[in-house]
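Enquirer: After the structure tokens below, expect a handful of questions from me.
The values are calculated or read from the model by the stated rules, or taken from the named source; none is laboratory data. No experiment lies behind these values; they were computed from the predicted model shown. Note: ideal-geometry Cβ built from the backbone for every residue, glycine included; neighbour counts use all protein chains shown. Surface areas here come from the heavy atoms of the whole protein model, side chains and all, with no ligands, DNA or RNA. Shrake-Rupley method; radii C 1.70, N 1.55, O 1.52, S 1.80 Å.
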Amino acid sequence: LEPERQRLHVFNTWKPMWVVLLEDGIEFYKKKSDNTPKGMIPLKGSTLTSPCQDFGKRMFVFKITTTKQQDHFFQAAFLEERDAWVRDIKKAIKCIEGGQKFARKSTRRSIRLPETIDLGALYLSMKDTEKGIKELNLEKDKKIFNHCFTGNCVIDWLVSNQSVRNRQEGLMIASSLLNEGYLQPAGDMSKSAVDGTAENPFLDNPDAFYYFPDSGFFFEENSSDDDVILKEEFRGVIIKQGCLLKQGHRRKNWKVRKFILREDPAYLHYYDPAGAEDPLGAIHLRGCVVTSVESNSNGRKSEEENLFEIITADEVHYFLQAASAKERTEWIKAIQVASRTGK
């Protein structure tokens, strides 16, 4: 797996760990810069359970059970991240069973991509708002897939853009983009192809859906208008998350809440840190004002440090407290950016 995607929670210690998927196991480190892992989970003979409900409503958990019947629990930050981990770990286990080598980065060697192909640059061209691949809302099996495009559209674009000579070569390039994480499968058909052992995990097909990993992709069941309006809040890309103290509106008591900040549309959702999947509340940030607070309402210096306040466009006040001055500054800056750019 690419290092940028490695931050997961290992729940035997309830702390964030840096996790690395190897071809035969999973190593976890206290932090990214450590040279020595805190532990290693062998994958040979292991089974993977996802979604895992062992912790009630804790979000996005999956479980690896080793041959010694030891359970290891992980939590991803969001659904697509969990699915990407599960997909790659399952593939690694399947490779061990079949005596094959698993490595996400072996694409170029295994299908002999020309060394001149720069997948990163190609990905940026595909994302170009004017000349790139158009992101659409696609419907299939009573589900609406947002910020998506079809497999044959990707191949069409590669051919018309003269990035490849023919559709077969386009299939190789698209498979490489998929294996390197530049494209993600959406929907059962494209996910099954990635999980399978076919030569090309990418499908040149109008019914196979894909999306860019940082596009704000999500899908929804066909539902009432109210539900769709509610889900609009969750379309934004997650740009920051963490725990803060929040003051209640009625009793003015302070409670720890997990906050997830999304932009476009810009929302700050807060959750019970014990892991309930539904948010306790949402703060719409479009046009809000966010400032640090150095004194309380009667003008005296506040006893609580690192306070900040969000005043929404419809003048609802939220008081929050960060663990440090640096963390407060980071949250304020991130919220200011989201309030300007998110709709």
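Enquirer: Residues of the range 16-49 being aliphatic (A, V, I, L, M) and open to solvent by 60 Å² or more (accessible area, probe 1.4 Å), which ones?
Expert: Residues of the range 16-49 aliphatic (A, V, I, L, M): 17, 19-22, 26, 40-41, 43, 48.
Correct list: M40 only.
Enquirer: What pairs come out if I take residues in the range 153-166 that are over 21 Å from D207 (Cα atoms) and pair them with residues that are not in a loop (DSSP other than H, G, I, E, B) and not polar (S, T, N, Q) whose C-beta lies under 7 Å away, six or more apart or interchain?
Expert: Within 7 Å, the pairs are S163/L122; S163/I173; V164/L158; V164/G170; V164/I173.
Enquirer: Looking at the range 98-125, which of its residues are part of a loop (DSSP other than H, G, I, E, B), modelled with pLDDT of 80 or more and more than 27 Å from L43 (Cβ to Cβ)? Explain how you work it out, then say what you get.
Expert: Looking only at the range 98-125, we keep the residues that are part of a loop (DSSP other than H, G, I, E, B), and these are 98-103, 111-118.
Right, trim to modelled with pLDDT of 80 or more and you get 98-99, 118.
The answer is D118, and nothing else.
To keep it simple, each residue is scored yes or no on (1) within 29 Å of Q75 (Cα to Cα); (2) at pLDDT 90 or above.
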site	(1), (2)
D264	yes, no
Y267	yes, yes
D272	yes, no
I283	yes, yes
C288	no, yes
S295	no, no
E304	no, no
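Enquirer: Out of curiosity, is E130 open to solvent by 60 Å² or more (accessible area, probe 1.4 Å) and at pLDDT 85 or above? It would help to see each step written out before you state the result.
Expert: Numbers: open to solvent by 60 Å² or more (accessible area, probe 1.4 Å): yes; at pLDDT 85 or above: yes.
For E130, the condition - open to solvent by 60 Å² or more (accessible area, probe 1.4 Å) and at pLDDT 85 or above - is met.
Enquirer: Here's another thing I want to ask about it. Filter the range 311-328 down to residues that are out of contact with any Leu (no Cβ under 7 Å at 6 or more places or on another chain), of a type outside the set (D, E, K, R) and either modelled with pLDDT of 95 or more or in a loop (DSSP other than H, G, I, E, B) (or both), then give me how many there are. Walk me through it before giving the result.
Expert: Going through the range 311-328, the residues out of contact with any Leu (no Cβ under 7 Å at 6 or more places or on another chain) turn out to be 311-318, 323-328.
Going one step further and asking which of them are of a type outside the set (D, E, K, R), we end up with 311-313, 316-318, 323-325.
Of the ones still in play, those that are also either modelled with pLDDT of 95 or more or in a loop (DSSP other than H, G, I, E, B) (or both) are 312-313, 316, 323-324.
The total comes to 5.
Enquirer: Still on this structure, please answer the following. Within the range 179-190, can you find the residues that are more than 17 Å from A121 (Cβ to Cβ) and open to solvent by less than 10 Å² (accessible area, probe 1.4 Å)?
Expert: P185, A186, S190
Enquirer: Right, another one. Looking at the range 137-175 only, could you name the residues that are acidic (D, E) and either open to solvent by 50 Å² or more (accessible area, probe 1.4 Å) or not assigned by the TED database to the domain that holds D204 (or both)?
Expert: So the first thing to find is which residues in the range 137-175 are acidic (D, E), and the list is 139, 141, 156, 169.
Once the filter is applied, which keeps residues that are acidic (D, E) and either open to solvent by 50 Å² or more (accessible area, probe 1.4 Å) or not assigned by the TED database to the domain that holds D204 (or both), the range 137-175 yields E139, D141, D156.
Enquirer: Could you please tell me which pairs satisfy a Cβ distance under 7 Å, a separation of 6+ or placement on different chains, a first residue in the range 325-338 that is over 18 Å from E294 (Cα atoms), and a second residue that is open to solvent by 30 Å² or more (accessible area, probe 1.4 Å) and not in a helix (DSSP H, G or I)?
Expert: A334/I239; A334/K240; A338/I239; A338/E263
Enquirer: Let me ask another. Name the strands (runs of 3 or more DSSP E) wholly inside the range 126-199 in which the number of residues that are within 18 Å of the chain's Cα centre (by Cα) is 2 or more.
Expert: Numbers: elements: 136-140, 143-150, 184-186.
So the answer is 143-150, 184-186.
Enquirer: Please name all residue pairs, on different chains or six or more residues apart, with Cβ atoms under 9 Å, provided the first residue is in the range 167-190 and is free of Cβ contacts under 8 Å to residues at least 40 places away in the same chain and farther than 11 Å from P213 by Cα and the second residue is charged (D, E, K, R) and in a helix (DSSP H, G or I).
Expert: Once the first residue is free of Cβ contacts under 8 Å to residues at least 40 places away in the same chain and farther than 11 Å from P213 by Cα and sits in the range 167-190, its partners that are charged (D, E, K, R) and in a helix (DSSP H, G or I) give R167/D156; G170/D156.
Enquirer: Counting only residues that are open to solvent by less than 20 Å² (accessible area, probe 1.4 Å), in contact with a Gly (Cβ under 9 Å, 6 or more places away or on another chain) and modelled with pLDDT of 85 or more, how many does the range 194-218 have?
Expert: Number of matching residues: 4.
Enquirer: Going through the range 120-150 one residue at a time, which ones are under 20 Å from S175 (Cα atoms) and hydroxyl-bearing (S, T, Y)?
Expert: Listed by number, the residues that qualify are Y123, S125, T150.
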